[in-house]
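This is the structure I want to talk about, given as structure tokens.
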Amino acid sequence: MKTLIRTLLVLSILGTLVIGSSAQDTEISLLQWSHFVPRYDEWFDAYAAEWGEANGVGVSVDHVNFTELFSTLAAEIDAGDGHTIVEVLFSPASFIDGLHDLRDINEAAAAAHGERASTCEAASYLPVSDTWYAYTHGYVPDPGDYDIALWTEAGYPDGPKTYDDLLEGGRAIYESSGIPVGIGMSPELDSRMANRAAIWSFGGSIQDESENVVLNSDETIAAVKYLAQLQNEAMTDEVFGWTAASNNQALIAGEVSYILNSNSAYRSLQKIDEAAAANIGFTPALAGPAGAYASSHVWQIYVIPKYVEGDELAAAKQFILDHTANYSDVTYHSELYNFPCLPSTVPELDGWLEADPWGSEPPNKFEVLKTVNDWSVHLGFPGVTNPAVSQVFAESIIPNMVAQVALGEMNAEDAVAQAHERIEEIFSEWRARGLVGGGDM
Amino acid sequence: MGPLRLGNFPLDNRRLIGALFLTPALLYIVLLVGFPFALSIAFGFSDVTVGNTDLSFVGFRNFLAVWENDIFRQVFETTIRFTLISQVFILIFANILAVIFTQEFTGKWFARFIFILPWATPVSLAMIGWLWMLDTKYSPIDYLLLQMGLLGRGGLLSDNRNLYWLAAPDLAQISVIFVQVWRMTPLATVILMAGLSSIPTDILDQAEVDGSRFMRTLLQIKLPLILPIMVIALLFSMITMFGDMTVVYVLTRGGPVDYTRVLGLYSFQVGIEGGNLAQGAAISLFAFPLLLAMAIFMLRTASRAEVR
């Protein structure tokens, strides 16, 4: 009997040790960008460490420049080893075969927190394969940033509301002060977003809801003609060579009257010169003949590569769900840069937009963002963001098409037809892989 | 006392020592050049994406699709044009500088040190420096031109305050070629300097005794003698430039429109950023037959020149 008791005692101790060590052995690692707001990274790293301690999981976080996220993810999937969770800023639809289906946590989050912003769902769900290849927890609005003094003098105290206002007012300001409008037409991120916004608002788009290429339309041609006219009459040629930082720099230097950007340029200015920052106002997406749409600036999208398994996978999913549940902190510490995909997770948001907790003057500067979910769309709008849409984005086909017309090298009809042809090729490639709908499918 | 007898020392074996010396270089080539190259061929003939690296064979489908792509054809033409134009300038400048740096003058070592910096500086850092120099709005070059009255209202070069180095199609192309020449010239110069230093002094003494002046010695003796080395310098420079994407990735990302988009950059944009790894690989492989033919031709030329 004694022997039996001793044996059971030893086994129970060993069992406890094994279970204990197994819980402590679980480790997850995250790869994400060095956030535009440094204080966000400080908060996030501390939060991740605390979460790890509370859940008996080792957590490490690596931050890299956002341009390295896709190439690192590609390398890690190819190697079959790497970070547990990778946060990318644009839809990773082309990685779908190497990623876990995250339907369970997407559904769990929706069940717990309610409706999801459409811009987020379209950046993480692929209908043609019925797969939730990602979990988008946040997005960044892309409103218009305008110089209040200049636009007031031009007769638009609340800034431009429509594309006609932008042309008329922007031209008047440029002629009187030499300060141009700043819509990029270069192969870089902000130009790709801004040019798409105009095309959507004029009624054009790259694809329809069924993922058929429909770029070559009268509406797209009208938008391209408009953008070329805007460039010729209210902008300088510098926009053909802009980088993603150029419009921020120009706004901070007071050398543009209007740009399309996240709050990043404004927040930078706020830290340098409060009076100049007070002179910056925000507008929602400009209205065109077919509506008012702007792409979200970026998205915060978590993916878990397929090489992650077992306890590590379970811990990663738990981390993501808990992070969502703490989204008030995320939005706050990002200085209202990250907006929640699940709006109910940040009940304070409307109050913060009415009275910016980070000291804007006037305090309600961001109030226009209350309507953001009415006009903020995603890259594949009105369809989903599929791998073909991502490749079109990567190749900068849209800003190059616009720039060709603005430079006077091609007429709008030919430029749009040429871009349409290349986009059809890309869609066919991905459709053949079964990752894009439409066509004969 | 009989002859000293040495035991069998393994390193006396010429075959063994040869193999030992070659092994690191071979390993380097196989692991860091051969394997990625074989992988890119496999990718080019398959249907891989960034998310799915299963190699399912699709024949020449990717290559045909790439060739039918108008953007690719323009990119290919741009790459060849940039490479050829750059090489002309690199060759001219490298020859001039190699001759200067093989002469004796005060401060030669410092001048050489300064001159090698463009090659020794990490390319990405150097390009960020050039990005600032050529900034569309805050370029110090534009500032100097403005101060000299060449820019601005009534300026000789432009009425604008900026030339838009990286935004105007012609200037953007000139800028990229200029920066490539700036970056590659030191390497070519160093190679040519080695060639000039290796010319036997008795030949040069003989020429001097025969009354040959500087230009005649240079054109009829030195340059023909270093021709094989010049061809090698050119080959290094061409291959490096043909495959480079860093310069345009940092400076222009291929813009304005597609004016400065080169093969390396387009391959990266399609393959990694766009996720279509198979087509990205196919795009990069298009350079291979051309570079191979060029290398064979140039090495043969060098070999013939050496024999003569």
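The values are calculated or read from the model by the stated rules, or taken from the named source; none is laboratory data. Note that the coordinates shown come from a computational prediction; the quantities given were computed from them, not determined experimentally. Here the Cβ is made from the backbone with ideal geometry for all residues, glycine too, and neighbour counts use every protein chain on show.
Any idea which of (1) polar (S, T, N, Q); (2) within 14 Å of chain A (Cβ to nearest Cβ); (3) not in a helix (DSSP H, G or I) is the one B:T106 doesn't satisfy?
In the conditions (1) polar (S, T, N, Q); (2) within 14 Å of chain A (Cβ to nearest Cβ); (3) not in a helix (DSSP H, G or I), B:T106 misses (2) alone.
Taking region A:125-157, which residues are closer than 27 Å to A:A198 by Cβ, surrounded by fewer than 24 Cβ atoms within 10 Å (Cβ to Cβ) and among the polar types (S, T, N, Q)?
Hit for region A:125-157 is A:T152, nothing else.
Quick one: in region A:236-249, of everything that is buried (at least 24 other Cβ atoms within 10 Å of the Cβ) and assigned to a loop (DSSP other than H, G, I, E, B), which residue is farthest from the chain's Cα centre (by Cα)?
Here the residue is A:W242.
Which residue is farthest from the other protein chains (Cβ to nearest Cβ), if the candidates are limited to region B:157-176 and must be aliphatic (A, V, I, L, M) and in a loop (DSSP other than H, G, I, E, B)? Steps first, please.
Of region B:157-176, the ones aliphatic (A, V, I, L, M) are B:157, B:163, B:166-168, B:171-172, B:174, B:176.
With the extra rule that they be in a loop (DSSP other than H, G, I, E, B), the set shrinks to B:157, B:163, B:166-168.
Numbers: B:L157: 14, B:L163: 10, B:L166: 4, B:A167: 3, B:A168: 6 Å.
Step by step, filter region B:157-176, then rank; the result is B:L157.
Also: How many residues are assigned to a loop (DSSP other than H, G, I, E, B) and out of contact with any Phe, Trp or Tyr (no Cβ under 7 Å at 6 or more places or on another chain) when one looks only at region A:162-201? Full working, then the answer.
First pass over region A:162-201, keeping only residues assigned to a loop (DSSP other than H, G, I, E, B): A:178-181, A:183-188.
Remaining after also requiring out of contact with any Phe, Trp or Tyr (no Cβ under 7 Å at 6 or more places or on another chain): A:178-179, A:183, A:187.
The number of residues fulfilling the criteria is 4.
Going by what's in this entry, would B:V66 be described as modelled with pLDDT of 90 or more, farther than 30 Å from B:V181 by Cβ and touching a helix residue (DSSP H, G or I) at 6+ places or on another chain (Cβ under 8 Å)?
Answer is no for this residue.
Working only within region B:249-308, note down all residues that are among the polar types (S, T, N, Q) and either within 20 Å of B:I41 (Cβ to Cβ) or facing another protein chain (nearest Cβ under 10 Å) (or both). Steps first, answer last, please.
Start the filter on region B:249-308 by keeping residues that are among the polar types (S, T, N, Q), which leaves B:252, B:260, B:267, B:269, B:276, B:279, B:284, B:301, B:303.
The answer is B:T252, B:T260, B:S267, B:Q269, B:N276, B:Q279, B:S284.
All but one of (1) surrounded by fewer than 22 Cβ atoms within 10 Å (Cβ to Cβ); (2) away from chain B (no Cβ under 12 Å) hold for A:S428, so report the exception by its number.
Among (1) surrounded by fewer than 22 Cβ atoms within 10 Å (Cβ to Cβ); (2) away from chain B (no Cβ under 12 Å), the lone unmet condition for A:S428 is (2).
Answer yes or no: is there a residue in region B:29-50 that is charged (D, E, K, R), outside any strand (DSSP E or B) and within 26 Å of the chain's Cα centre (by Cα). Working first, answer last.
So the first thing to find is which residues in region B:29-50 are charged (D, E, K, R), and the list is B:47.
Filter once more, keeping what is outside any strand (DSSP E or B): B:47.
Right, trim to within 26 Å of the chain's Cα centre (by Cα) and you get none.
No, every residue in region B:29-50 fails to be charged (D, E, K, R), outside any strand (DSSP E or B) and within 26 Å of the chain's Cα centre (by Cα).
Confirm whether A:A294 is in contact with a helix residue (DSSP H, G or I) (Cβ under 8 Å, 6 or more places away or on another chain), surrounded by fewer than 24 Cβ atoms within 10 Å (Cβ to Cβ), aliphatic (A, V, I, L, M) and more than 14 Å from every other protein chain (Cβ to nearest Cβ).
Numbers: in contact with a helix residue (DSSP H, G or I) (Cβ under 8 Å, 6 or more places away or on another chain): yes; surrounded by fewer than 24 Cβ atoms within 10 Å (Cβ to Cβ): no; aliphatic (A, V, I, L, M): yes; more than 14 Å from every other protein chain (Cβ to nearest Cβ): yes.
Considered against the rule, which asks whether it is in contact with a helix residue (DSSP H, G or I) (Cβ under 8 Å, 6 or more places away or on another chain), surrounded by fewer than 24 Cβ atoms within 10 Å (Cβ to Cβ), aliphatic (A, V, I, L, M) and more than 14 Å from every other protein chain (Cβ to nearest Cβ), A:A294 comes out as no.
Sort out which residues of region B:77-98 are surrounded by fewer than 21 Cβ atoms within 10 Å (Cβ to Cβ) and within 24 Å of A:E421 (Cα to Cα), and write them in order of number.
Hit for region B:77-98 is B:E77, nothing else.
Are there helices (runs of 4 or more DSSP H) fully within region B:255-307 with at least 2 residues that are of a type in the set (S, T, Y)? List them. Give the derivation first.
On the way: elements: B:263-268, B:277-285, B:287-307.
Fully inside region B:255-307 and qualifying: B:263-268, B:287-307.
On to the next question. Can you tell me which condition A:D101 does not meet? The list is (1) in contact with a strand residue (DSSP E or B) (Cβ under 8 Å, 6 or more places away or on another chain); (2) farther than 24 Å from A:N248 by Cα; (3) more than 14 Å from every other protein chain (Cβ to nearest Cβ); (4) surrounded by fewer than 20 Cβ atoms within 10 Å (Cβ to Cβ), and all the others hold.
Among (1) in contact with a strand residue (DSSP E or B) (Cβ under 8 Å, 6 or more places away or on another chain); (2) farther than 24 Å from A:N248 by Cα; (3) more than 14 Å from every other protein chain (Cβ to nearest Cβ); (4) surrounded by fewer than 20 Cβ atoms within 10 Å (Cβ to Cβ), A:D101 violates only (3).
Among the residues in region B:205-218, are any more than 14 Å from every other protein chain (Cβ to nearest Cβ) and either under 21 Å from the mean Cα position of the chain (by Cα) or touching a residue at least 60 places away in the same chain (Cβ under 8 Å) (or both)? Walk me through it before giving the result.
Initial filter on region B:205-218 (more than 14 Å from every other protein chain (Cβ to nearest Cβ)): B:205-218.
Now drop any that are not either under 21 Å from the mean Cα position of the chain (by Cα) or touching a residue at least 60 places away in the same chain (Cβ under 8 Å) (or both), which leaves B:218.
Checked region B:205-218: at least one residue is more than 14 Å from every other protein chain (Cβ to nearest Cβ) and either under 21 Å from the mean Cα position of the chain (by Cα) or touching a residue at least 60 places away in the same chain (Cβ under 8 Å) (or both).
Exactly one of (1) in a loop (DSSP other than H, G, I, E, B); (2) touching a helix residue (DSSP H, G or I) at 6+ places or on another chain (Cβ under 7 Å) is unmet by A:G408. Its number?
Just one mismatch for A:G408, condition (2).
Taking region A:376-391 only, how many residues are within 8 Å of chain B (Cβ to nearest Cβ) and under 21 Å from A:Q418 (Cβ atoms)? Walk me through it before giving the result.
Taking region A:376-391 as the starting set, the residues that turn out to be within 8 Å of chain B (Cβ to nearest Cβ) are A:387, A:390-391.
If we keep only those that are under 21 Å from A:Q418 (Cβ atoms) too, we end up with A:390-391.
Qualifying residue count, region A:376-391: 2.
If only one of A:T162, A:T119 is among the β-branched types (V, I, T), under 21 Å from A:Q391 (Cα atoms) and touching a strand residue (DSSP E or B) at 6+ places or on another chain (Cβ under 7 Å), which one is it? Walk me through how you get there before you give the answer.
Values: A:T162 fails: under 21 Å from A:Q391 (Cα atoms).
Result: A:T119 is the single residue among A:T162, A:T119 that is among the β-branched types (V, I, T), under 21 Å from A:Q391 (Cα atoms) and touching a strand residue (DSSP E or B) at 6+ places or on another chain (Cβ under 7 Å).
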